[in-house]
Amino acid sequence: MWGGRYKLGPAEIMEKINASIGFDRRLYAQDIAGSIAHCDMLVAQGIVSAKDGRAIKRGLVKIREEIESGRFKFSTKLEDIHFNVEGRLTELIGPAGGRVHTARSRNDQIALDVRLWVRDTIDRLEPMLRDLQAALIDRADEYAATIMPGFTHLQTAQPITFGHHLMAYVEMFGRDRSRMTDCRARMNESPLGAAALAGSPHPIDPRKTAKALGFDGPMANSLDAVSDRDYVVEFIAAASLAAVHLSRLSEEIVLWCSAPFRFIALSDAFTTGSSIMPQKRNPDAAELTRAKVGRIVGAFTALCIILKGLPLTYGKDMQEDKEPLFDAADSLELGIAAMTGMVRDLKANPERMRAVAAADYSVATDLADWLVRKVGLPFRQAHHVTGRLVGIAADKGVDLDKLTLAEMQAVEPKIDRSVYRVLTVEASVNARKNIGGTAPANVVRAVAEARRRFLGRDKRAGR
């Protein structure tokens, strides 16, 4: 493949460190698609004859069939997916196979392949994120009025609804979809035509290949075209944030499934047992999804370090971008699929959720707000009065609504019997009807709006 410059073959260790076919074979579909588009352009521009163009395309189609059927023999001596495909093409059609590389370099070829692969991956992940949102929305609809404790510092804070909690993740994954869409739009330019780095002297038509491959157009600068990997970094950054969201929900599932919580249960489909403890039901799907963020963020860090010191244009260092990219994409895809399955599988325990929500004086803030609204106290004074009442209730070992009116009036004389109407978890959640609030009626409206915003349908259209 190196022509006449080299007389001797590479050392064994050089061959081993230089070869990338062990992982970049995953790019075969994109590589062949790019070669077909490039061949069509060469023929249209009169650079390659129509006869050779037909032979090249027939050969490329056959190679794709061989790879997909498992009959293709990959060789480390041919280093990468480009040389493996081109070598086999020459075997199939003779010297005409070498014409496919006219006006092209492996530099713009690999830049094209990776762009196409990332674009295809985003096109596959985006509907998966949408399906995860759909699962969360359906569950939120089901549990719109199910009361649970809301936490700050993992301490009981105020009552909320389970549906409201799940809808928070719908928003998070909606932003993840948006970031993927933005990444795709920004990267949708073709590097073909840049050749090694300076462009090609042949009368090529980069706009034709860009259009054939679904790009918005060719890249404006040949140096940038072969050296840019921003889109890989941006994709993995978006994947990292999506993985963080998956990890946060996974952590909550792990907590909610534990004996001290008992908020939800997962079936046998998403749990495993213990080799020694027969009673165990471990939420391993959630734990493994939680762990995936380490691999994905690690890929982001690795790629930034690979790129940070590279002068323009191409360096062989860039070969190291693919393994972290592939691993990050695989990990995210598996995590999304596992989380979607768990969300659809989980069953809530409303009685337990409500019991915990009602404990630890979770309606204290409602009492303080009532003192502001009804009695007219400044909030800081209302906060102080409520704190004193909580202290009295704690000393007695009772909830706030079990204090007598006389005990409350001893702290604040203007308190009247209507205070008891705000001292239940039901009253607390139903009072929060403002935009973004946890009231069940709000959740129902948010579900309908989310179906329209994220799923493109309403409840009447089916789920």
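The values are calculated or read from the model by the stated rules, or taken from the named source; none is laboratory data. As the structure is a prediction and not an experimental result, all values here were calculated from the model. Heads up, the Cβs are rebuilt from the backbone with ideal geometry, glycines too, and the neighbour counts pull from every protein chain shown. Only protein heavy atoms, including side chains, enter the accessible area calculation; ligands, DNA and RNA are left aside. Shrake-Rupley method; radii C 1.70, N 1.55, O 1.52, S 1.80 Å.
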Regarding the range 308-463, what's the average projected area of the Cα-atom convex hull, expressed in nm²? 17.6
Counting each DSSP H run of 4 or more residues in the chain as -39500 (n - 2.57), what helix-only mean residue ellipticity at 222 nm follows after dividing by all residues, to the nearest 500 deg cm²/dmol? -19500 deg cm²/dmol
Return the Cα extents of the range 12-102 along principal axes one, two and three, sorted largest first, each rounded to a whole Å. 42, 27, 21
Using alpha carbon centers only, the range 135-201 is separated from the range 27-106 by a whole-angstrom value of 39
May I ask which residue of Gly298, Ser222, Ala212 lies farthest towards the positive end of the charge dipole of the range 107-356, with charges of +1 (Lys, Arg) and -1 (Asp, Glu) on Cβ and the Cα centre as origin? Gly298
Ignoring ligands, DNA and RNA, what percent of the 1.4 Å accessible area of the chain is carbon and sulfur? 54
Separation between the Asp131 and Arg26 pseudo-spin-labels, each 7 Å from Cα along Cα→Cβ, expressed in nm? 1.9
Just grab the label-to-label distance for Val61 and Cys304, each label 7 Å out from Cα along the Cβ direction, in nm (one decimal). 4.7
Apply the Kirkwood formula to the chain: the hydrodynamic radius equals the inverse of the mean of 1/r over all pairs of different alpha-carbon atoms; give it in Å with one decimal. 26.4
In nm, what is the difference between 0.36 nm times the number of residues separating Ala220 and Ser418 and their Cα-Cα distance? 64.2 nm
Average accessible surface area per residue within the range 12-102, 1.4 Å rolling probe, Å²: 49
What Kirkwood radius, in Å to one decimal, follows from the Cα pairs of the range 80-222? 19.1
Could you calculate the contour length gain from Leu334 to Asp284, that is, 0.36 nm times the residue separation minus the distance between their Cα atoms, to one decimal place in nm? 16.6 nm
Once R0 is set to 25 Å, what does the formula 1/(1 + (r/R0)^6) return for the Cβ-Cβ distance between Thr102 and Thr76, expressed as a FRET efficiency to the nearest 0.05? 0.45
Would you work out the charge dipole size for the range 242-362 about its Cα centre, treating the Cβ of every Lys and Arg as +1 and the Cβ of every Asp and Glu as -1, and quote it to the nearest 20 debye? 340
Accessible area (Å², per residue) of the range 242-325, counting only protein heavy atoms and a probe of 1.4 Å: 52
Can you give the charge dipole size of the range 197-293 about its Cα centre, rounded to the nearest 20 debye, using +1 on the beta carbon of Lys and Arg and -1 on the beta carbon of Asp and Glu? 280
Gap separating the Cα centres of the range 369-407 and the range 314-328, nearest whole Å: 61
Under a crude label model (7 Å from the Cα following the beta-carbon direction), how far is Asp401 from Arg352 in nanometres? 2.3
